[in-house]
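Here's the structure, in structure tokens; my notes come after.
The values are calculated or read from the model by the stated rules, or taken from the named source; none is laboratory data. Since this is a predicted model, take the numbers as computed values, not measurements. Don't worry about glycine lacking a Cβ; one is built from the backbone with ideal geometry, like all the others, and counts go over all protein chains shown. Areas reflect the complete protein model, heavy atoms only, side chains present, ligands, DNA and RNA absent. Shrake-Rupley method; radii C 1.70, N 1.55, O 1.52, S 1.80 Å.
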Amino acid sequence: MSSWRTRLLPPLLAIVFAVILTAIALIISGADPLQAYGTMIGQLFKGSTAVDTVNLATVYYLSGLAVAIGFQMNLFNIGVEGQYRFAAIVTAIIGGALRLPPVIHTLAILVVAVASGMLYAAVPAVLKVTRGVSEVISTIMLNAIVGGIVAFLVNADQFGVQTGNNIATREIAPSGRIPGLPIGSGELFGFVVIAILIGAAYWFMLNRTRFGFELKASGESTTAAAAGGVNAKKMTLIAMLLSGGVAGLIAMPELLGRDFSYGITSTQMYGFTGIAVALLGRNHPAGIALGALLWAFLDRSAVSLEQINVSKEIAVIMQGVIVLSVVIAYEIVRRADLAAEQRRVGRALAGRKGSSVSEGGAV
């Protein structure tokens, strides 16, 4: 089913349902829903909120793409969180130690990021194809392990540098950074361009290459794909590695465009947000981009609710409802499309039967 209803209606229904349910919650708590929503929208046009929203959406977009690659193969790569954090700490250490000319330094850092993400994803991938271990279980365990890895490597006895009360890796030299674009009172990450190119490459791979076709075919049915000569285990391994490679880039917009070092206090949970963004965007690069922008908007504008004595957690409620309702909405629309298709087939068969009876009577 590839009609416009199947692609656009479910996320729209999910958002509308989330707005209505959140409005009910606001009314019960004694707040004015219209005032709350108006405050959130108005916050978008204040200061650098709009630029900050796009910057955060860039990170969410990369996370959503990483998750979506696994989804295409029917793999639930919940380990994007661990993969991007492992890549971030390794890249920050190596990037801070390197002394290379501009551009070459940046490219070297990006290569290390992708390779590190793929390396951490290779563990559950190999376990999956050789021992049949569920990628959900193995990646959850690796997500827990990565916290210890980061804490160990950022320690002052290893690669950590104490700056005041904060400890992080050595700063990456200006030659390895990606300059931003000043817009108003904010600065847009230069990595936005790279994220767009990655999204375009993802779309091209899925829709214009044999590999993309085999990837989706294996995700639909490994048995049917094997009958067509596709090695399902090989596709699983490649899909997990690609997912991990993209996951390795998740922290790069902030690392190379704002922070220039990585520590224990660096932002986490981007990997789990990517799951919701990929679901909302139906694994399509354009849909994931819209989902990332919506999620980033809710995160950035939620702080404005405290100005009208409304808890900012109302935005979290809205995000949670969207995640729950988007799955239901997709199933409802899918069943509606299926029923409509069955009715069309029934009418066509009835028309043919009537035509045959008429011809028989004429004879």
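Each residue of region 329-340 is assigned a 3J(HN,Hα), and the resulting list reads 5, 4, 5, 4, 5, 4, 5, 5, 5, 5, 5, 5 Hz, derived from the Karplus form 6.51 cos²θ - 1.76 cosθ + 1.60 (θ = phi - 60°), x at Gly and Pro. From a point 7 Å beyond the Cα of R208 in the direction of its Cβ, which residues of region 278-296 have a backbone N at a distance under 20 Å? The answer is 283-289, whose backbone nitrogens lie closer than 20 Å to the label point.
Going 7 Å from the Cα of T163 toward and past its Cβ, which residues in region 233-273 have a backbone nitrogen under 17 Å from where you end up? Within reach of a label on T163, which here means backbone N under 17 Å from a point 7 Å along Cα→Cβ, region 233-273 contributes 252-267.
Ranked from largest, the principal axis spans of the Cα set of region 131-181 equal 45, 33, 17 Å.
From the square roots a ≥ b ≥ c of the eigenvalues of the alpha-carbon gyration tensor of the chain, which class results: rounded (a/c under 1.5), prolate (a/b over b/c), or oblate? The shape class here is oblate. Averaged over residues, the count of other Cβ atoms within 10 Å places the peptides 168-176, 35-43 in the sequence 168-176, 35-43, highest first. Each label was represented as a point 7 Å from its Cα along the Cα-to-Cβ direction; for D32 and L338 these points are 4.6 nm apart. In straight-distance terms, cross-link reach from K234 covers every one of the aspartates and glutamates whose alpha-carbon lies under 14 Å from its own, apart from those fewer than eight places away in the same chain; here that gives E214.
Tell me, what is the percent relative contact order of the chain, built from C-alpha pairs under 8 Å that lie six or more residues apart? It would help to have the intermediate numbers written out before the result.
On the way: 553 pairs, mean separation 120.4, N = 363.
Result for the chain is 33 percent.
Taking the 1.4 Å solvent-accessible surface of region 42-193 as the whole, the part contributed by carbon and sulfur is 68%.
Heavy-atom accessible area per residue, the chain, 1.4 Å probe: how many Å²?
On a per-residue basis, the chain sits at 50 Å².
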